[in-house]
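So the structure is just underneath, and the comments pick up after that.
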Amino acid sequence: MRVPPPGNHAAQTTTGRAIAQPVPPSAEQPAQTADSISHCILAYYYAALTNLFCQSHLSPEERVADDDMVRAVADKSYADFRKLDGLLEDLDKEEIQLNPNWQLYHEARENWRRLVKDWAMIAKTDQQKPTET
């Protein structure tokens, strides 16, 4: 990210410091580089892993607390996973398949995608489980 020049008053805070503004890609910069695709795939894979790990550590008592850290991480990893899922869906499939991290993408998408859940989905699933007597 580039910081706008000091003369750009719209991009300055009340303290006079410039804030970072995203610079749109130029015609010379390819929007989809192999590195950026790799980073998206790795973030996608680890968001799924994080979410599944959090789900396995949520007990019924912890699920009640609104400020529970594991619950917050499960919700955030679900949101990240869904965002990255949509982003990767829009990319060129051939570029993804040629990426060295293709197997990680394929594993997360084909095996874990349906298992990644946020708190509301987890709670709903638990309510549908038969109670043990």
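Here is how the numbers come out for the structure above:
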item: Neighbours by Cβ (under 6 Å, 6+ apart or cross-chain): first from the stretch 102-126, within 13 Å of Leu58 (Cα to Cα); second acidic (Asp, Glu) and part of a helix (DSSP H, G or I); result: Asp118/Asp75; Trp119/Asp75
item: Output for the stretch 96-127, where each listed residue is of a type in the set (S, T, N, Q) and out of contact with any Leu (no Cβ under 8 Å at 6 or more places or on another chain); result: Gln97, Asn99, Gln103, Asn111, Thr125, Gln127
item: So Ala31, is it loosely packed, with under 13 Cβ neighbours inside 10 Å, modelled with pLDDT under 95 and either touching a Cys at 6+ places or on another chain (Cβ under 6 Å) or of a type in the set (A, V, I, L, M, F, W, C) (or both); result: yes
item: Residues of the stretch 87-104 satisfying the condition of being within 11 Å of Ile41 (Cβ to Cβ) and surrounded by 11 or more Cβ atoms within 10 Å (Cβ to Cβ); result: Leu87, Leu88, Leu91, Glu95, Ile96, Asn99, Asn101, Trp102, Gln103, Leu104
item: Helices (runs of 4 or more DSSP H) lying entirely in the stretch 46-133 (those with 1 or more residues that are modelled with pLDDT under 85 and over 30 Å from Ala34 (Cβ atoms)); result: 60-64, 119-128
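The values are calculated or read from the model by the stated rules, or taken from the named source; none is laboratory data. Because the structure is predicted, anything quoted here is derived from the model rather than measured. Note that each Cβ is placed from the backbone with ideal geometry, even for glycine, and that neighbours are counted across all protein chains shown.
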